[in-house]
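Working notes, structure below.
The values are calculated or read from the model by the stated rules, or taken from the named source; none is laboratory data. Predicted, not measured: the structure shown is a model, and the values here were computed from it. Here the Cβ is made from the backbone with ideal geometry for all residues, glycine too, and neighbour counts use every protein chain on show.
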Amino acid sequence: MPDFVGLFVGLLAYLVPAVIVLLIVFSSAVKVVQEYERGVIFRLGRLIGAKGPGLFFLMPVLDRMVKIDLRVITIEVPPQEVITRDNVTVRVTAVLYFQVVDPNRAVTRVTDFVRATLQIAQTTLRSVLGQSELDEMLSHREAINRRLQQIIDEQTEPWGIKVTIVEVKDLELPQSMQRAMARQAEAEREKRAKIIHADGEFQASQMLANAAKVIGSESAAIQLRYLQTLTEIATEKNSTIIFPVPVEILSLIPHALTTLFGAAPDAALPPPPSPPELGRLAGPDAPPPRARGGPPAPGPVPPPGFAAPPPAPPPKS
């Protein structure tokens, strides 16, 4: 019995290390790759290829595997100071979406494909936006995004990287430029408001002219319009009384005066006296007018019953 126990213990002393070694070898030989991953295998330093997904075996000590994630990777490009073509300094941030389409090249062609793609995105962003004007960056952002995506994708294609989307995320403008753009927008809005107001006035004048033609074609239409105006004015608790008088009645007043007085209104009054008759209208004692350059007019005639005063004696020489 003691010999059996000693034999069993000695057997366990040899089996346990062997089992441990087998487990280590098995764990290094058996690999499991997820659905979104691929395993790039190197055997003695030589590329064998990408395997997966699922379970596969490697040769211990001889094979080495590098896992590559095939899912879309999102990278936010740090803010970049960009000077546009019209000499405006802006601060730009962007976001980049890419994925690995060839695991073999992503491992063998570049050391760190994520960092390399980020650096390419930064330099391309400064280069492309530096060739654009500020108005183009604000109004044609989709075209700029497509151009960025095309350039970055062409540069990363040898690495087995496919750039799917590049979006300019934000544009930070200086305060002075923001104020200038606000004034420009305000002026543009005022311009549109004035144009719309002038167009409304023009259309309203056309409609009023058409309405005047329609009303003028029918004599009863103006009376109906008067009645409608009275209905609108005669609101609740309103004591205002309005008598509409057609404008044509005012033109009949001169004819009525002519009929009553038998002459035109301007001929009803006597004409003003002429300058020679002003002396006669001054009174009975006023001297008669004399002709220019003739003898002086005789003095006033005394009334009956009064003797005329003797003439003045001539002066003594």
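Residue pairs whose Cβ atoms lie under 7 Å apart, sitting 6 or more positions apart in sequence or on different chains, and linking a residue in segment 47-69 that is touching a residue at least 40 places away in the same chain (Cβ under 8 Å) and assigned by TED's automatic domain parsing to the domain that holds ILE24 to a partner that is of a type in the set (Lys, Arg) and surrounded by 15 or more Cβ atoms within 10 Å (Cβ to Cβ), are ALA50/ARG38. Does VAL21 fit the bill of being assigned to a loop (DSSP other than H, G, I, E, B), aliphatic (A, V, I, L, M), farther than 30 Å from ARG141 by Cβ and not assigned by TED's automatic domain parsing to the domain that holds GLU133? No: the conditions fail for VAL21.
In this structure, ILE195 does not qualify as touching a Phe, Trp or Tyr at 6+ places or on another chain (Cβ under 9 Å), part of a helix (DSSP H, G or I) and among the aliphatic types (A, V, I, L, M).
So which residues in segment 170-179 are part of a helix (DSSP H, G or I) and under 25 Å from GLU142 (Cβ atoms), if there are any at all? Scanning segment 170-179 gives MET177, GLN178. When restricted to residues that are charged (D, E, K, R) and exposed (fewer than 12 other Cβ atoms within 10 Å of the Cβ), segment 12-64 contains 2.
To keep it simple, each residue is scored yes or no on (1) in contact (Cβ under 8 Å) with a residue 24 or more places away in the chain; (2) surrounded by fewer than 13 Cβ atoms within 10 Å (Cβ to Cβ); (3) over 20 Å from the mean Cα position of the chain (by Cα); (4) farther than 17 Å from ASP86 by Cα.
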| residue | (1), (2), (3), (4) |
| --- | --- |
| SER132 | yes, no, yes, no |
| LEU148 | yes, no, yes, yes |
| ILE161 | yes, no, yes, yes |
| ILE165 | yes, no, yes, yes |
| PRO174 | yes, yes, no, no |
| ALA185 | no, yes, no, yes |
| GLU188 | no, yes, no, yes |
| LYS191 | no, yes, no, yes |
| ILE195 | no, yes, no, yes |
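Tell me whether segment 158-170 contains one or more residues that are modelled with pLDDT of 90 or more, more than 30 Å from THR123 (Cα to Cα), of a type in the set (Gly, Ala, Ser) and outside the structural domain of VAL40 (by TED's automatic domain parsing).
Kept after step one, since they are modelled with pLDDT of 90 or more, are these residues of segment 158-170: 158-168.
In the following step, the residues that additionally are more than 30 Å from THR123 (Cα to Cα) were identified as none.
The answer is no; no qualifying residue exists.
Kindly check whether there is at least one residue in segment 36-53 that is of a type in the set (Ser, Thr, Tyr), modelled with pLDDT under 85, out of contact with any strand residue (DSSP E or B) (no Cβ under 6 Å at 6 or more places or on another chain) and not in a strand (DSSP E or B).
No, every residue in segment 36-53 fails to be of a type in the set (Ser, Thr, Tyr), modelled with pLDDT under 85, out of contact with any strand residue (DSSP E or B) (no Cβ under 6 Å at 6 or more places or on another chain) and not in a strand (DSSP E or B).
Residues of segment 147-190 that are within 17 Å of ILE75 (Cα to Cα) and charged (D, E, K, R): ASP153, LYS162, GLU167, LYS169, ASP170.
At least 2 residues being out of contact with any Lys or Arg (no Cβ under 8 Å at 6 or more places or on another chain), over 17 Å from THR156 (Cα atoms) and among the charged types (D, E, K, R) is the threshold, and among the helices (runs of 4 or more DSSP H) wholly inside segment 77-145 those reaching it are 134-139. Being within 57 Å of the chain's Cα centre (by Cα) and either part of a helix (DSSP H, G or I) or outside the structural domain of THR108 (by TED's automatic domain parsing) (or both) is a description that does not apply to VAL32. The sole residue among ARG91, ARG105 that is modelled with pLDDT of 90 or more and either within 36 Å of the chain's Cα centre (by Cα) or surrounded by fewer than 15 Cβ atoms within 10 Å (Cβ to Cβ) (or both) is ARG91.
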